[in-house]
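S.K.: Questions regarding the structure given below will be posed in turn.
The values are calculated or read from the model by the stated rules, or taken from the named source; none is laboratory data. These numbers come from a predicted model, not from an experiment. Note: ideal-geometry Cβ built from the backbone for every residue, glycine included; neighbour counts use all protein chains shown. Ligands, DNA and RNA are excluded from the accessible area calculation, which covers all protein heavy atoms including side chains. Shrake-Rupley method; radii C 1.70, N 1.55, O 1.52, S 1.80 Å.
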Amino acid sequence: MTKELAKPKNAIQMMAEKFKVDPESLKIALKATVCRGQKQQDGTYRPMTDPEFISFIIVANAYGLNPITKEIYAFVSERGRSE
């Protein structure tokens with residue numbers, strides 16, 4: 001009998017499970033609210049890229065922080081990296 005290994009959960013799946021929501025819905029909600037990206041000279045915001053978003057979610061998970069309750073903030077520095 002072959003035992004199948006469970007596929008490891010990614011960072012957004014782990015956070016979504018914690019909040020008991022769908023991972024894609026959580027991603028959409030976070031990107032629309034707390035992860036708005038970098039402010040441009042014309043006052044608009046450049047959307048946060050997927051790599052920037054993933055970095056943010058990994059840090060939030062690593063420290064058990066909740067972005068919805070502002071325990072961690074997401075922004076992109078002027079150097080173009082998320083910090």
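S.K.: For a quick check of your reading of the model, give me the residue pairs whose first member lies in segment 25-45 and is of a type in the set (Gly, Ala, Ser), whose second is modelled with pLDDT of 85 or more and assigned to a helix (DSSP H, G or I), with beta-carbon atoms closer than 9 Å and at least 6 apart or on different chains.
M.R.: Listed by first residue and then by second, the contacts come to Ser25/Ala16; Gly37/Lys31; Gly37/Glu52.
S.K.: Starting from residues that are over 25 Å from Lys9 (Cα atoms) and surrounded by fewer than 11 Cβ atoms within 10 Å (Cβ to Cβ), keep the ones in segment 56-80 and report whichever is modelled with the lowest pLDDT.
M.R.: Taking the candidates together, the pick is Gly80.
S.K.: Looking at segment 61-75 only, could you name the residues that are free of Cβ contacts under 8 Å to residues at least 24 places away in the same chain and either in contact with a Ser or Thr (Cβ under 7 Å, 6 or more places away or on another chain) or in a helix (DSSP H, G or I) (or both)?
M.R.: Across segment 61-75, the qualifying residues are Ala62, Tyr63.
S.K.: Considering only segment 1-55, state which residues are of a type in the set (Gly, Ala, Ser) and either open to solvent by 60 Å² or more (accessible area, probe 1.4 Å) or not in a helix (DSSP H, G or I) (or both).
M.R.: Restricting attention to segment 1-55, the residues satisfying the condition of being of a type in the set (Gly, Ala, Ser) are 6, 11, 16, 25, 29, 32, 37, 43, 55.
Residues satisfying the conditions are Ala6, Ser25, Ala32, Gly37, Gly43.
S.K.: In this structure, is Glu52 touching a Cys at 6+ places or on another chain (Cβ under 9 Å) and either at pLDDT 85 or above or not acidic (Asp, Glu) (or both)?
M.R.: yes
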